[in-house]
Amino acid sequence: MKLEIVPDYAELSRRAAEIVIAECRKRPQIVLGLATGATPIGMYRQLVQAYQRGRVSFLRATTFNLDEYYPIAPDHPHSFRRFMHQQLFDQVDLAAERIHFLRGTAADVERECSRYEAELEAVGGIDLQVLGIGENGHIGFNEPGTPFHLKTHKVALTEQTMRANARFFGSLADVPRHALTMGICSIMRSRKILLLASGEKKADALAAALLGPVTEAVPASVLQLHPDVTVIADKAAAQRLA
Ligand code: F6R
């Protein structure tokens with residue numbers, strides 16, 4: 001595992017974008033695994049700028065997002081799909097048919113999860129997976145206690161995660177209670193993983209994930225078992241790593 005501690009969020013965003021850009025240049029037909037949430041917003045901004053300056057193209061790239069609320073309409077103002085369109089998809093040259101998302105409106109959840117896994121399989125898996133980390137150590141929406149062997153599945157969000165996400169919805173009551181997420185097993189199949197952590201609220205979770213035992217109680221701790229993980233943390237998030 002490679003750990004890069006950077007001074008602040010701006011530098012984290014720049015470094016993360018540089019890694020994504022380098023991988024996209026190496027392999028224009030790259031399969032990217034993408035995260036939503038506050039952490040990667042700066043990185044997406046950097047990627048859009050790099051695209052506008054002609055430093056990177058996503059024309060041949062494929063994307064899979066980690067997760068989506070359930071139920072939620074794709075054009076709901078707080079759906080992850082809408083978030084990705086605003087932050088990245090609508091501003092770069094990604095081909096619509098190569099953008100993959102879990103459908104928050106799927107009637108048959110099991111079928112939807114199998115469809116996603118089959119699509120992942122069909123493209124040969126993810127080359128570079130970008131992850132954030134929850135305050136409780138979750139990755140994707142794999143909450144503490146999620147078995148490591150699970151593939152894409154439906155989850156009940158914890159109270160803590162719903163509270164953390166209420167900042168986007170305005171009120172806790174409006175946060176969907178469930179989500180569909182790639183499982184730990186699906187995430188661990190990625191060839192390369194980039195974990196981003198910013199701010200002191202993530203310090204405990206990051207320390208538990210990187211220094212603690214590998215346990216389903218801290219989903220991100222599974223990354224200790226992956227052969228190619230880069231962690232970029234700002235000083236605030238890294239304060240308990242010493
Ligand atoms: C989002 C996701 C989540 C977030 C995590 C951190 O697609 O999978 O695991 O990465 O909740 O969220 P932020 O970045 O908002 O602190």
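The values are calculated or read from the model by the stated rules, or taken from the named source; none is laboratory data. All of these numbers come straight from a predicted model, not from anything done at the bench. Positions of Cβ are backbone-derived with ideal geometry, glycine not excepted, and every protein chain shown enters the neighbour counts. Just so you know, the surface numbers come from the protein's heavy atoms only, side chains and all, with ligands and any DNA or RNA stripped out. Shrake-Rupley method; radii C 1.70, N 1.55, O 1.52, S 1.80 Å.
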Per residue, how much accessible area does the chain have with a 1.4 Å probe, in Å²? 44 Å²
Local electrostatic count at Phe141 - Lys and Arg +1, Asp and Glu -1, tallied over other residues with Cβ under 11 Å: -2
What are the ³J(HN,Hα) couplings of the range 91-98, residue after residue, when phi is run through the Karplus curve with 6.51, -1.76, 1.60 and θ = phi - 60°? Round to Hz, x for glycine and proline. 10, 10, 9, 4, 7, 3, 6, 9
Going toward the positive end of the dipole of the chain, with +1 on Lys and Arg Cβ and -1 on Asp and Glu Cβ, which of Ala61, Ala173, Phe80 do you reach last? Ala61
The chain - share of DSSP beta bridges that are antiparallel (%, nearest 5): 30 percent
Pull up all non-local amide H partners of Lys151: gap of 5 or more, or a different chain, and H-to-H distance under 5 Å with H placed in the peptide plane. none
Relative counts (whole %) of C-alpha pair distances in the range 1-68, using bins that are 5 Å wide: 4, 16, 24, 28, 19, 9, 1
Would you list Lys151, Lys202, Lys2 from the most to the least accessible area, probe 1.4 Å? Lys2, Lys151, Lys202
Between the alpha-carbon centers of the range 1-57 and the range 149-220, tell me the distance in whole angstrom. 20 Å
Quick tally, 1.4 Å probe accessible area for Glu200, Glu18, Glu68, Glu110, sorted with the most first, runs Glu110, Glu200, Glu18, Glu68
Which percent of the accessible heavy-atom area of the chain goes to carbon and sulfur, probe 1.4 angstrom? 51 percent
Give the relative contact order (percent, whole number) for the range 158-242; include only Cα pairs under 8 Å separated by 6+ residues. 31 percent
For the range 171-185, take each phi angle, set θ = phi - 60°, evaluate the Karplus expression 6.51 cos²θ - 1.76 cosθ + 1.60, and give the result in whole Hz per residue in order, putting x for glycine and proline. 9, 4, 5, 8, 6, x, 8, 10, 8, 9, 9, 4, x, 4, 4
Cα-centre dipole for the chain with unit charges at Cβ (Lys and Arg positive, Asp and Glu negative), debye to 20: 560 debye
Roughly what % of DSSP beta bridges within the range 112-227 run antiparallel, to the nearest 5? 55 percent
